[in-house]
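Here's the structure, in structure tokens; my notes come after.
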Amino acid sequence: QSALTQPPSASGSPGQSVTISCTGTSSDIGRYNYVSWYQQHPGKAPKVMIYEVSKRPSGVPDRFSGSKSGSTASLTVSGLQVEDEAEYYCSSYAGSNTPVLFGGGTKLTVL
Amino acid sequence: QLQLQESGPGLVKPSETLSLTCLVSGGSITNGHYYWGWIRQPPGKGLEWIGSFYYTGTIDYNSSLKSRVTILEDSSNNQFSLKLNSVTAADTAVYYCARRTGISLEFDCWGQGALVTVSS
């Protein structure tokens, strides 16, 4: 199964909003609501920011939100802050034969 | 507080076997609410899921690595291991161990990662 497709880069100014897309297929994102998003700063382990498409773990600011339409999931970061600059990865369940798929990652730059 | 810590050789020769261990503290790998697994990240590249197991013995592997990978559970020491054989330079990566929730399926806790370089 192919990886999920993300744009390689995204950017925005402090205070603005930015949306990162993650495109899959009818076999993964289109079929299951098990989409998660991870934030990774350089040299650090990934951190889950969104799970089950739109749920936020405790401690994640409500500036981060997730959604899904068809086979495309999206992560929106509102009120951008400098510390939001990081790499973001989406992930989806794709059935018992492929429990985990990752996207290629999107580098978010806060200008 | 749950913590995961990877350990193992940082340098492996081509064609040999990469071996890593993930020691879990602050929680049990036999907790039925979670899966446990390995993810890797080549330098400058994205994340790749390697495989996961459930304490009952169910193990899933990435189909692209399945012929070379073994994940073993050691519940008596609350740790699990990764073995990847016949390695090449393409297996050079930071290897993470992580916990995955059994219901919502996200990786909610990660180790700090261990860089393994494949080189002669």
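The values are calculated or read from the model by the stated rules, or taken from the named source; none is laboratory data. All of these numbers come straight from a predicted model, not from anything done at the bench. Neighbour counts are summed over all protein chains in view; Cβ atoms, including those assigned to glycine, are modelled from backbone coordinates with ideal geometry. To get the accessible areas, we keep the full protein, side chains included, count just its heavy atoms, and leave off ligands, DNA and RNA. Shrake-Rupley method; radii C 1.70, N 1.55, O 1.52, S 1.80 Å.
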Distribution output for chain B: share of Cα-Cα pairs per 5 Å bin in percent, first bin at 0, values 2, 12, 24, 26, 19, 11, 5, 1, 0
Partner shielding of B:104-116, taken as the mean number of other chain Cβ atoms within 10 Å, equals 5
Set A:K107/B:K66; B:K13/B:K66; A:K47/B:K13; A:K47/B:K45, cut-off 28 Å on Cα-Cα distance; pairs above it are A:K107/B:K66; A:K47/B:K13
If every Lys and Arg gets +1 and every Asp and Glu gets -1 at its Cβ, then about the Cα centre chain A yields a dipole, in debye to the nearest 20, of 160 debye
Over the stretch B:69-120, the quotient of the Cα radius of gyration and 2.2 N^0.38 Å is 1.35
For the stretch B:106-120, in residue order, the Karplus 3J(HN,Hα) values (coefficients 6.51, -1.76, 1.60; θ = phi - 60°; whole Hz; Gly and Pro = x) are 8, 7, 9, 8, 10, x, 6, x, 10, 7, 10, 10, 9, 7, 8
On the accessible surface of the protein assembly as shown, probed at 1.4 Å with all protein chains in place, carbon and sulfur together account for a percent value of 47 percent
Sorted by accessible surface (1.4 Å probe, heavy atoms of the protein chains only), largest first, B:Y61, B:Y95 come out as B:Y61, B:Y95
Counting other chain Cβ atoms within 10 Å of each Cβ in A:39-46 and taking the mean gives 4
Note: B:74-87 gets an average of partner chain Cβ contacts (10 Å, Cβ to Cβ) equal to 0
Taking the dipole of chain A about the Cα centre (Lys, Arg +1; Asp, Glu -1; charges at Cβ), the one of A:S96, A:L108, A:V35 that reaches farthest to the positive side is A:S96
With x for Gly and Pro, the residue-by-residue ³J(HN,Hα) of the stretch A:48-54, computed from phi through the Karplus equation 6.51 cos²θ - 1.76 cosθ + 1.60 at θ = phi - 60° and given in whole Hz, is 6, 10, 9, 9, 6, 6, 9
In terms of the alpha carbon gyration tensor, root eigenvalues a ≥ b ≥ c, rounded if a/c is under 1.5 and otherwise prolate when a/b exceeds b/c or oblate, chain A is prolate
Computed ³J(HN,Hα) along the stretch A:65-77: with the Karplus parameters 6.51/-1.76/1.60, θ = phi - 60°, integer Hz and x for glycine or proline, the list is 9, x, 8, 8, 9, x, 9, 10, 9, 9, 10, 10, 10
Counting Lys and Arg as +1 and Asp and Glu as -1 over every other residue whose Cβ sits under 9 Å from the Cβ of B:V118, the net charge comes to -1
Note on the protein assembly as shown: alpha-carbon gyration tensor, axes a ≥ b ≥ c; rule is a/c under 1.5 for rounded, else prolate if a/b larger than b/c, else oblate; result prolate
Probe 1.4 Å, heavy atoms of protein chains only: per residue, the accessible area of the protein assembly as shown in Å² is 45 Å²
